[in-house]
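Right, one structure below, let's go through it.
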Amino acid sequence: MQIIENIPKLKPRATDAHKGDFGKVCIIAGSIGMSGAAALAGRSALRAGAGLVRVATPKSVLPIVASIEPSFTTIALPEDDAGRISAKAINVILDAVNENDAVAFGPGIGVSGAIKTILQTLLEQENLRLLIDADGLNNLAGIKDWPGKLKAEVILTPHPGEMKRLWQGLFREELPPERQQQAIQLAQQTKTTIALKGAGTVVSDLSTPSITLRTGSLKAGGEKVYINKTGNPGMATAGSGDVLTGVITALMGQGLSNFDATVLGVYIHGLAGDIAAEKTGQISLIATDIIEALSDAFVRSQSNS
């Protein structure tokens, strides 16, 4: 097992760069009563440097989501009677997936049979970089033998309750008490990158075997683990996880590997929460405060290279 301590960095931007150079990302999120989750994820993706952000959301929710932030574009999705994404949305979603560098699925979407079917279809897409969070994870826990269907490159970002539901769907043994072991075993079982959220967020995935060009020898893969040290209890507030979803997805779109995007994402997210808490205090901290502090967090992080 390799313990990672160095924080990845984004490359400096070229003077002649354009928005296409910094990633096109799509965030599939929202339902009636949960428009804020979609907007928070979209806004944070913009603040985390994505060149173009599209938020795909049920059509009745779209006007609310679009009014919150004019800098991202929106995609109207067919919906069911409860205002959740319906099975009829699959072709629209697949078209959006093919046009973007990274996709996030889950914030505020609810749980239904149709959403599970859509998610399973996404899992089976080759060359798709997909982050699954929130209700996306709750739907995932209900898909039988989903790791066996997996062709996409996936990041999972569960909080402890979501981790328990995922674990129960995959393992016969009890969830181990040690968070690091939970993340490692889930990464091993699913071949995904895991960010187990909470105090000291644990990021784990499996490094793949690589060929040493000089000697032609094979270097074995193994577990990579990062334990985050930024963040504070004030971040235990509604919408904080949606902000993290947007940040990591934006970093994926800018070309970082899934593991590096997740490590930098949780570090920056926690640092932004610390910066925000310096201004508001932990008690009054809300998710939009974290978004507003992302710019300072990136400046501070990049200057520490």
Of the DSSP H helices in the chain, the ones reaching 27 Å or more along their long axis in Cα terms and averaging at least 0.0 in Kyte-Doolittle hydropathy are 258-280
Solvent-accessible surface (1.4 angstrom probe) belonging to Met1, in square angstrom, nearest 10
130
Furthest towards positive pole of dipole, His269, Ser86, Gly281, structure part the chain, Cβ charges:
His269
For Ile28, residues with placed amide H under 5 Å, excluding near neighbours
Ala56, Ala104, Phe105, Gly106
Over the range 231-282, with the other protein chains present, what is the accessible area per residue in square angstrom, probe 1.4 angstrom?
27
Once label points are set 7 Å from the Cα along Cα→Cβ at both Lys9 and Ser295, what is their separation, rounded to one decimal in nm?
2.2
I'd like the per residue volume of the convex hull spanned by the Cα atoms of the range 15-85, given in cubic angstrom.
67
The ³J(HN,Hα) series, computed from each phi in the range 8-17 with the Karplus coefficients 6.51, -1.76 and 1.60 at θ = phi - 60°, rounded to the nearest Hz and given as x for glycine or proline, is x, 10, 7, 6, x, 7, 5, 5, 9, 5
Mean ellipticity per residue at 222 nm, deg cm²/dmol - from DSSP H runs of n ≥ 4 across the chain, formula -39500 (n - 2.57):
-12500 deg cm²/dmol
What whole-number value in cubic angstrom gives the convex hull volume per residue for the C-alpha atoms of the range 117-174?
72
Total charge of the residues flanking Ile7 in space, meaning their Cβ is under 13 Å from its Cβ, with Lys and Arg +1 and Asp and Glu -1, is +1
With +1 assigned to the C-beta of every Lys and Arg and -1 to the C-beta of every Asp and Glu, and no other charges, what is the dipole magnitude of the range 40-137 about the Cα centre in debye, to the nearest 20?
220
Counted charge near Pro107, where neighbours are those whose Cβ lies closer than 9 Å (Asp, Glu -1; Lys, Arg +1)
-3
With Rg from the Cα atoms and Rh as the Kirkwood inverse mean 1/r over Cα pairs, the range 66-127 has an Rg/Rh of 0.96
Expressed in nm to one decimal, what extension gain is obtained for the pair Gln188 and Ser303 from 0.36 nm per residue of sequence separation less their Cα-Cα distance?
37.9 nm
Pairs to check: Lys24/Lys229; Lys149/Lys191; Lys149/Lys197; Lys116/Lys164. Give those whose C-alpha atoms are more than 22 Å from each other in this structure.
Lys24/Lys229; Lys149/Lys197
Please compute the length gained on full extension between His18 and Asn91, using 0.36 nm multiplied by the number of residues separating them and subtracting their Cα-Cα distance.
23.4 nm
Column: log10 I(q)/I(0), Debye, Cα scatterers of the chain, q = 0.07, 0.10 Å⁻¹:
-0.24, -0.51
Each label point is 7 Å from the Cα along the Cα-to-Cβ direction; what then is the distance between the points at Asn232 and Lys144, in nm?
4.9
So if I place +1 on the C-beta of Lys and Arg and -1 on the C-beta of Asp and Glu, and nothing else carries charge, what would the dipole magnitude of the chain be about its Cα centre? I want it in debye, nearest 20.
400
Reachable aspartates and glutamates from Lys144, criterion Cα separation under 14 angstrom, eight or more residues apart if same chain
Glu124
If you take the C-alpha gyration tensor of the range 62-206, multiply each eigenvalue by 5 and take the square root, what semi-axes do you get, largest first, in whole Å?
27, 16, 15
Report the Cα centroid-to-centroid distance between the range 11-52 and the range 226-299 in angstrom, as an integer.
14
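The values are calculated or read from the model by the stated rules, or taken from the named source; none is laboratory data. Note that the structure is predicted; figures quoted are calculated from it, not measured. Because the Cβ atoms are built from the backbone with ideal geometry, glycine has one as well, and the counts that use them run over all protein chains shown. The area values use the complete protein model at the heavy-atom level, side chains included, leaving out ligands, DNA and RNA. Shrake-Rupley method; radii C 1.70, N 1.55, O 1.52, S 1.80 Å.
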